[in-house]
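What follows is a short report on a single structure.
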């Protein structure tokens, strides 16, 4: 998981409040009325269930000053515009209007717009954040150390089940009449998001194959763009019954499954399902036909033959017979 390069992000910063370097976004005297945003597209729907890591140095802040640290959304914008559009969720740094405390907020920008916050009475300084979403639940763990072992607080609230395209950092509040100011640094952003597994490929036996054994080995290549391990299931398509299971398979593996004791000269159908713990994907349904039935009791050809003959004894007496049996005959005196 690499640290994001902020120089690849798009910057909207009319009043030059932000300085970007490869791994740091330096916010200098950002006012709430600014429309400043720094954002990047990760592809439509990519940001569903996520784990993001970011470090923030919450520095000086006027009473009521505000700076967005991190958000995910469909259309990058200042905080108030995201709220108006019911778009995404995020974290932001704020000083109360009374000046008595400094806060890090976790806020849902959709629907009810629920929020949770961490407060302290002095400038917060450097904190290491682990920001996560799972389903409708979002959280922000605030650590006092870079190894993320000393937990200061955990913020938690809920959001919609939407997936988003953009990560948005260093965003202003967007209040056009508010010039209250904040200084902070945002750096070492790391972005992860779970993508669905790839559809299984190279299924064996081939679709429509004939002459397949009565104990065939089913086979499929499976992978996940996120790497890690996946679970693989082989099913009989005629009734969706499970044939085989392979758990904890490494991405990029060829998985085998022996389907035992099939009937002769019969068509079978099957498919494969890959599960990464969040998403599942199925292969197409393949069919094959097993070998012809063996001749266990072959029928022998029966040859029936008939013949006529005459028998003459030593005295010249003649006998006749129409033979109906292969070996026996009965003769009687000719009249």
Look at residue 48 and say whether it is modelled with pLDDT under 95 and buried (at least 18 other Cβ atoms within 10 Å of the Cβ).
yes
Can you confirm whether residue 248 is assigned by TED's automatic domain parsing to the domain that holds residue 234, part of a loop (DSSP other than H, G, I, E, B), at pLDDT 75 or above and within 30 Å of residue 49 (Cα to Cα)?
no
Identity of the residue in the stretch 1-45, touching a helix residue (DSSP H, G or I) at 6+ places or on another chain (Cβ under 8 Å) and not in a loop (DSSP other than H, G, I, E, B), that ends up surrounded by the fewest Cβ atoms within 10 Å (Cβ to Cβ):
24
Report every pair of residues separated by at least 6 positions or lying on different chains whose Cβ atoms are under 7 Å apart, first residue within the stretch 164-193 and in the same structural domain as residue 13 (by TED's automatic domain parsing) and on the phi > 0 side of the Ramachandran plot, second in a loop (DSSP other than H, G, I, E, B) and surrounded by fewer than 19 Cβ atoms within 10 Å (Cβ to Cβ).
174/35; 188/23
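The values are calculated or read from the model by the stated rules, or taken from the named source; none is laboratory data. This one's a predicted model, so the numbers in the text were calculated from it and none came from an experiment. Here the Cβ is made from the backbone with ideal geometry for all residues, glycine too, and neighbour counts use every protein chain on show.
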